[in-house]
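Just so you know, all these numbers are worked out from the coordinates, no wet-lab data involved. Predicted model only: the values in this text are computed from it and were never measured. No Cβ is skipped: glycine too gets one built from the backbone with ideal geometry, and neighbour counts run over all protein chains shown.
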Amino acid sequence: MKHPLISTGVRFLDAVSDSRFYNDRVCRPQGGGSADTATVMSHNMTLGNFRYCPLCATLLAPKIDGLRERLSCPACGYIYYHNPVPAAGGIILRDGKVCLVRRSVQPRLGDWTLPAGFIEYDESPRACAEREIAEETGLIVETDAVLGVYDGFDDPRHHAILIIYHMHETEKKTLIAGDDADRAEFFAVADIPDNIAFRAHRQALHDLFGDAYPGGPTDA
Ligand SMILES: [Zn+2]
C-alpha cells in the first residue's frame with residue numbers, strides 16, 4: 001500500500017514544515033503538549049544536515065525510502081537514516097534526595113539535569129549510565145530497574161532517546177562534579193531547581209516523585 005503522503009503527492013518535507021503535521025503525525029511528545037516548532041525547524045529533522053556521501057563524497061539527494069524522504073547517494077546507493085541518538089543516565093538517591101548536575105557546556109549551560117550522557121557505539125545503555133555518573137559526579141554506581149524511557153526532542157543538537165535507570169551506590173564516594181558538569185548536589189524534591197535543562201529530565205523527575213515534584217513534564 002502506498003504511503004498516504006506519497007499517494008496524495010505531498011512531499012514529506014512540506015508536510016513536516018506544517019507544525020500541525022509534526023504535532024499530530026510524526027512524533028507527538030510524551031505527556032501531551034505541543035512540539036516546539038522553532039526547535040524542530042532549527043535543523044532538518046527529517047533528512048539531517050549532511051550534504052555529501054560519507055562513503056564516496058558524492059552530493060546526496062532526497063529519495064523516498066521506507067515511506068520517508070531520506071538523503072541518498074545517487075552514485076553508490078548509500079542511504080542516510082536520520083535516527084535519534086540514544087542516551088542513558090540515572091537516579092541516585094541519598095536520604096530521599098536526588099542527585100542532579102549543573103551543565104557547564106552548551107546547550108542549556110547553567111541548567112540542571114539528572115547525570116546522563118550519550119551512549120558510545122560499543123557501549124550498553126547500562127554501562128553508559130554508570131560511566132556518565134562516574135564522570136559527572138564521581139560516584140560509583142550500578143544500575144537497577146529502568147525508571148523510564150523518554151523522548152528528548154527539545155535538545156537543539158539532535159533528537160535523543162533517554163533511558164533513565166534507578167541506581168545504587170556500590171562504594172561510598174564524595175560527590176565531585178566533573179566532565180561537562182560544574183556542580184553536583186543532592187536535592188530534596190521541594191528544592192529541585194526550576195531550571196531543569198530538558199523536558200525528558202523533568203518527566204523523569206515527575207515519574208520519580210509524582211506530584212510532589214513542582215516541575216512536571218508538560219511544559220515545552
Ligand atoms: Zn556514495
Gained length - A61 relative to L109, 0.36 nm times residue gap less alpha-carbon distance: 13.7 nm
Label-point separation, L175 to D122 (7 Å along Cα→Cβ), nm: 3.4 nm
The stretch 69-220: relative contact order as a whole-number percent, Cα under 8 Å and 6+ apart: 26 percent
Straight-distance crosslink candidates among aspartates and glutamates, where the alpha carbon sits under 20 Å from K172 and sequence neighbours closer than 8 are dropped: D95, E130, E132, E135, E136, E142, D144, E185
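Less than 13 Å Cβ to Cβ from S104, Lys/Arg counted +1 and Asp/Glu -1: what total charge do the surrounding residues give?
-2
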Positive minus negative residues near I176 (Lys, Arg vs Asp, Glu; Cβ under 12 Å): -3
Leading residue at positive end of dipole, the stretch 70-220 (Cβ point charges), from F186, G148, V85: V85
For R103, R202, order by how many other beta-carbon atoms lie within 10 Å, fewest first: R103, R202
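Return the loop-located chymotrypsin sites (Phe, Trp or Tyr not before Pro) in the stretch 49-154 (DSSP other than H, G, I, E, B) with at most 15 other Cβ atoms within 10 Å of their own Cβ; answer none if there are none.
Working: sites: F50, Y52, Y78, Y80, Y81, W112, F118, Y121, Y150, F153; in loops: F50, Y78, Y81, Y121, F153.
When the chymotrypsin sites (Phe, Trp or Tyr not before Pro) of the stretch 49-154 are filtered for loop state and at most 15 Cβ neighbours within 10 Å, F50, Y78, Y81, Y121 remain.
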Nonlocal amide H pairs with G148, under 5 Å, H built at 1.01 Å: I164
Placed amide H near V141: partners under 5 Å, 5+ positions off or other chain: T170
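What GluC sites (Glu not before Pro) in the stretch 124-220 are in a loop by DSSP, with at most 13 other Cβ atoms within 10 Å of the Cβ? Please list the in-between numbers first.
Working: sites: E130, E132, E135, E136, E142, E169, E171, E185; in loops: E171.
Passing sites in the stretch 124-220 are E171.
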